[in-house]
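Heads up: the structure comes next, in C-alpha cells.
Bear in mind these aren't lab numbers, they're just calculated from the coordinates by the rules spelled out. Not measured: the values here are computed from a predicted model. Methodologically, a virtual Cβ is constructed for each residue, glycine included, from the backbone with ideal geometry; neighbour enumeration extends over all protein chains shown.
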Amino acid sequence: MLNFEHYNPTRIIFGKDQLFRLPELLKEMSAKKVLIAYGGGSLERTGTLKLIQDQLIDFDVFTFGGIEANPEYTTLMKAVKLCKSENIDFIIAAGGGSVIDGVKFISGAIFYEGEPWDVLQKKEGCNFENALAFGTVLTLPATGSEANSGAVINYSELKQKRVMGGPKFFPKFSFCDPSQVATLPARQIANGIIDSFVHTLEQYITYPSGNLLQEREAEAILTTLLEIAPKIMKDPSNYQLAANLMWCSTHALNGNLRCGVPTDWATHMIAHELTAHFGIDHAQTLAIVGPRLYEHQFDAKKEKLVQYGSRVLGLKGSDTDVAKKAIVRTEEFFQSLGVRTKLSEYVTDLNGFAKKVSNTFLERGWKEMGETKMIGPKEVEEIVALTY
Ligand code: NZQ
Ligand code: ZN
C-alpha cells in the first residue's frame with residue numbers, strides 16, 4: 001500500500017427536501033452577499049432556482065446564469081467582474097460539474113491580479129493564492145466536483161481545456177438531492193454513469209496496489225453502477241436508483257478511492273483534448289478513449305483487468321481471455337447506454353488529429369502520464385489513432 005494523506009472538508013447533505021438547511025449553513029459561514037451561479041436554464045425549468053431563492057430571504061442575493069456545459073473562460077470572467085463589483089462574499093454553485101467547476105475558477109480568479117488563464121496554463125509563478133468560499137446544490141450526478149477540489153475549464157477560442165485545483169477549492173457544503181435525476185435527459189444520465197465508472201477505473205485499472213479495502217471499494221462502485229444503470233436509464237424518477245447513482249458518483253471522485261493506490265488519469269487527460277477540439281461531451285470522450293487505452297496498455301494493466309473481469313464482471317477463462325473480454329464488455333456497457341465509442345462516429349475529418357494531440361502534450365511537457373509514467377506523446381498519438 002502506498003503512503004497517502006486524505007483530506008476532504010466538504011460537508012455533504014444528502015437526500016431530498018434538505019434545502020431548508022441552506023440559511024443555517026450560510027449563517028455559519030457569515031455569508032451576507034450571496035451569488036447563485038447556474039447554467040443554461042434547467043435550474044429555472046426544474047424550479048430549483050426558486051427553491052434556493054426562497055431560502056435566501058435574509059440574504060442579499062445576486063444571480064448569474066448562462067454557465068455552459070464545459071464552462072467557458074470568457075463567460076466565467078463576466079461572473080468574476082460581477083462578484084468584484086458587488087463584493088459578493090459567498091457563491092452557491094447550482095448545477096452539474098460545469099457550474100461547480102466554473103465557480104471554483106471564479107472563486108480563485110476574483111483575487112487574482114493578472115490574467116487568470118495563466119494559472120490554468122501553469123505559467124511559472126502563476127497561482128490562485130486565495131479562494132472565495134462557495135457551496136453547491138448538485139443537479140447532476142457525474143463528476144464528483146461537489147466533493148473534490150478540482151475543476152476543468154474550457155477556452156474554446158484557444159481550443160484548450162485545462163485543469164486547476166487545490167485544497168482551497170473544496171466546496172464548504174454540497175446539497176446532493178437524488179430527486180434531481182428525475183428531470184435529467186437520458187444523455188446526461190448515461191454521461192453521469194460513464195463518468196463515475198471511468199473515475200473509478202482510473203484509480204483501479206493500474207497494477208495490484210496491496211490496498212485490499214480500496215480495491216474492494218472500487219469494485220463495489222463498479223458493481224453497483226453496472227447493476228443500476230439499465231434500470232435508471234428506464235426509470236430516472238426512481239428515487240432509490242437515483243440515490244445510488246448519486247452516491248456512487250460522489251464516492252468515485254471524493255478522494256477516497258485514491259488512498260494508497262496508484263492512479264492513472266491518462267484517459268481523462270487525452271479525452272479532454274477531444275472536448276477541447278470537437279466539443280464532444282466529457283463522458284462520451286471517456287467512452288471513446290478508455291477502451292483503446294486499456295488495449296494499448298494491455299500488458300501493464302493485465303493483472304488488474306483480470307481482477308476486474310473476474311470479480312466485477314464475473315468472467316471466466318484464461319487470464320488473457322478474461323482481461324481481453326473485460327475491455328470488450330466495458331465498451332459494450334458504454335454502448336448499451338446509447339453512447340458511441342469511436343471518434344469517427346462523432347467527427348469526419350480526423351486528418352492529423354492524433355499528431356496534433358501528441359504535439360500539444362509535448363509542448364506542455366506532459367511526457368510521463370499513467371500509473372508508471374509509461375504514457376508519453378508517442379503513446380498518446382498511438383492511442384488517439386486507435387480511437388478513430
Ligand atoms: O446548463 P443547463 O441548462 O443547466 O443544463 C445542464 C447541461 O446542459 C443539464 N442539467 C444539469 N442538471 C440538470 C440538467 N438538466 C435537467 N435536469 C437537471 N437536474 O445537463 C447538461 C450537462 O451539465 P454539465 O454540468 O456540463 O455536466 P457534468 O456534470 O457531466 O459536468 C461535465 C463537466 O465537468 C468536468 C468535465 O470536464 C465537464 O467540463 N469534470 C469535472 C471534474 C471535477 N471537477 O472533478 C471531473 C470530471 O472528470 C470532469 O472532467
Ligand atoms: Zn471525468
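For the stretch 56-127, what is one quarter of the convex hull surface built on the Cα atoms, given in nm²? Present the calculation step by step, with values, prior to reporting the outcome.
Numbers: hull surface 20.3 nm².
The orientation-averaged projected area of the Cα hull of the stretch 56-127 comes to 5.1 nm².
Using C-alpha pairs under 8 Å with a sequence gap of at least 6, the mean separation divided by the residue count of the stretch 181-331 gives a relative contact order of 30 percent.
Between 0 and 90 degrees, rounded to the nearest ten: what's the tilt of helix 212-234 against the longest Cα principal axis of the chain? That works out to roughly 80 degrees. Which residue, LEU315, LEU212, LEU286, has the most motion in a Gaussian network model of the chain that connects Cα atoms within less than 10 Å? Fluctuation is largest for LEU212.
Separation of the alpha carbons by more than 29 angstrom is noted, of LYS50/LYS161; LYS302/LYS378; LYS234/LYS355; LYS301/LYS355; LYS231/LYS325, for LYS50/LYS161; LYS234/LYS355. For the stretch 185-387, a simple Cβ point-charge model (Lys and Arg +1, Asp and Glu -1, everything else neutral) yields a dipole of about 160 debye relative to the Cα centre. Overall form of the stretch 48-193: oblate. Here a/c, set by the Cα gyration tensor axes a ≥ b ≥ c, is 1.5 or more, and a/b is not larger than b/c. The Cα-based radius of gyration and maximum Cα-Cα distance (Dmax) for the chain are 20.4, 65 Å.
Taking the C-alpha atoms only, the angle from helix 73-86 to the longest principal axis of the chain is near 30 degrees.
Summing Cβ point charges (Lys, Arg +1; Asp, Glu -1) relative to the Cα centre of the chain gives a dipole of roughly 220 debye. Of all the options PHE20, PHE334, PHE361, the one that moves most in a Gaussian network model of the chain with Cα springs shorter than 10 angstrom is PHE20.
When you have a sec, figure out the Kirkwood radius of the stretch 203-313 from all distinct Cα pair distances and drop it here in Å to one decimal? If you can, show how the numbers build up before the last one.
Numbers: mean 1/r = 0.0654 Å⁻¹.
Averaging 1/r across every pair of different Cα atoms and inverting gives 15.3 Å.
Computed over the stretch 275-344, relative contact order equals 36 percent, with contacts defined as Cα pairs under 8 Å that lie 6+ residues apart. Connecting C-alpha atoms closer than 10 Å in a GNM of the chain, tell me which of ASP349, ASP281, ASP321 has the biggest fluctuation. Ranking ASP349, ASP281, ASP321 by mean-square fluctuation puts ASP349 first. Reported value for the stretch 185-387: 113 Å³ per residue, from the convex hull of its C-alpha atoms.
Axis angle, to the nearest 10 degrees, between helix 282-296 and the longest C-alpha principal axis of the chain: 30 degrees.
Relative contact order of the chain: what whole-number percent is it, with Cα pairs under 8 angstrom and at least 6 residues apart? Computed over the chain, the figure is 15 percent. Partners of LYS324 within straight-line reach, counting aspartates and glutamates whose Cα lies under 13 Å from its Cα and excluding those fewer than 8 residues away in the same chain: GLU295, ASP299, GLU303, GLU332.
Nearest 5 is fine: what % of DSSP beta bridges in the chain come out antiparallel, could you say? Provide the component values of the computation, followed by the final result.
On the way: 7 of 30 bridges.
Of those bridges, close to 25 percent are antiparallel.
List the lysines whose Cα sits under 17 Å from the Cα of LYS84, skipping any in the same chain fewer than 8 residues away. Result set, ordered by chain and number: LYS32, LYS33, LYS104.
Please list, in order, the residues from the stretch 237-276 whose amide nitrogen is less than 19 Å from a point placed 7 Å along the Cα→Cβ vector of ALA182. So the set is 237-247.
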